[in-house]
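The values are calculated or read from the model by the stated rules, or taken from the named source; none is laboratory data. It should be emphasised that the depicted structure is a prediction, and the values quoted were computed from it without experimental measurement. Backbone-built Cβ (ideal geometry, glycine too); neighbour counts: all protein chains shown. Ligands, DNA and RNA are excluded from the accessible area calculation, which covers all protein heavy atoms including side chains. Shrake-Rupley method; radii C 1.70, N 1.55, O 1.52, S 1.80 Å.
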Amino acid sequence: MSSAATLADVAGRRGRTYWLLARGFAEAPGSVLFCELITALGPVNPAEALAAETAAFADALHSALSADAAPDALAIEFTRLFGGISESYGGPPPFESVVRSGNWGGDIALAVVAAYADADIAPPLPDASPPDHLAAELRFLAIACHREAEAWQADDTQAAMDWVRRERDFLDRHVLRWIPEYCRQASEMAATPFYRALLALTPRACELDREDIDAIVESVPSFAENV
């Protein structure tokens, strides 16, 4: 069985990854964001499963930071890709309900809000943003992982595994049902290396995290049947 300290470290790493990815979709590009993302990303470990995608993202960040025209070009790209202005200018907005049903809101958005409420987490983006925005869903997972890490640090296995269950269910019921396909379609429209790299890294990170959750459950066998 993995130690609580190890599981806390894993949860912290997973949460930081989700938070970093969310920033790429929530914040307009600029030198401050690029520098902070580079710092948060840290050195790329070539032995990790995400090494290729992470290295490409790091290279794109450094290139964007060094290119004089990058902020303007990326600001236009950010609006075109994620602004949902029109079908002829970019793709659909990054809202789960829109991508999955063609319309914003409805049962899908209500289910996302219910998942936040069940976890006692406020909608993770400002009130003006839809609760099923891609960045909001990634931030929800980041917060859940952070709370999982706190539970492991407190040696509260039951609470930690409750957070693992929430993370697994949210990935299965929401994130993995739309984000991989959304990112694939958006990447076909992306014209800049930064957003192409972000759109390649995000779904792969989510898919690998789902595998990590299975490994966590297996490492705590006394709770496997109830998680």
- Item | Accessible area per residue, Å², the chain with all protein chains present, probe 1.4 Å | 47
- Select from G83, G102, G15 the residue whose mean-square fluctuation is largest in a Gaussian network model of the chain (Cα-Cα springs shorter than 10 Å). G102
- Note on the structure: Along the dipole axis of the chain (charges at Cβ: +1 for Lys and Arg, -1 for Asp and Glu; origin at the Cα centre), the most positive-end residue among I179, L199, G12 is L199
- Query: What list of ³J(HN,Hα) couplings, whole Hz, do you get for the stretch 202-217 from phi and the Karplus terms 6.51, -1.76, 1.60, once you set θ to phi - 60° and write x for glycine and proline?
  - Reply: 4, x, 5, 5, 5, 5, 5, 5, 4, 5, 4, 4, 4, 5, 5, 4
- Message: So if the hydrodynamic radius of the chain is defined as the Kirkwood radius over C-alpha pairs, what does Stokes-Einstein give as its diffusion coefficient at 4 °C and 1.567 mPa s, in µm² per second?
- Response: 71
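Tally up the carbon and sulfur contribution to the accessible surface of the stretch 1-109 as a whole percent, 1.4 Å probe, everything protein left in place.
In the stretch 1-109, the share of accessible area belonging to carbon and sulfur is 57 percent.
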- Message: Can you give me the C-alpha center-to-center distance between the stretch 32-49 and the stretch 99-139, rounded to a whole angstrom?
- Response: 27
- Task: Could you run the Karplus curve 6.51 cos²θ - 1.76 cosθ + 1.60 with θ = phi - 60° over the stretch 151-161 and give me ³J(HN,Hα) per residue in whole Hz, x for Gly and Pro?
- Result: 5, 4, 5, 7, 6, 9, 5, 4, 5, 4, 6
- Message: What figure, in Å² to the nearest 10, do you get for the accessible area of H174 with a 1.4 Å probe and non-protein molecules left out?
- Response: 10
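Calculate what fraction, in whole %, of the accessible area of the stretch 127-186 sits on carbon and sulfur atoms when a 1.4 Å probe is rolled over the protein chains.
Numbers: 930 of 2350 Å².
Exposed carbon and sulfur together represent 39 percent of the surface.
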- Taking the dipole of the chain about the Cα centre (Lys, Arg +1; Asp, Glu -1; charges at Cβ), the one of A135, L61, A122 that reaches farthest to the positive side is L61
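If contacts are Cα pairs under 8 angstrom and at least 6 residues apart, what is the relative contact order of the chain in percent? Show your work: numbers first, answer last.
Numbers: 261 pairs, mean separation 62.9, N = 227.
Taking the mean separation of contacting Cα pairs over the length of the chain, I get 28 percent.
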- Which is the longest part of the chain that has none of the GluC sites (Glu not before Pro) sitting in a DSSP loop with at most 16 other Cβ atoms within 10 Å? 88-224
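What FRET efficiency, computed as 1/(1 + (r/R0)^6) with R0 = 22 Å and r the Cβ-Cβ distance, is obtained for L208 and Q153, rounded to the nearest 0.05?
My answer for the efficiency is 0.40.
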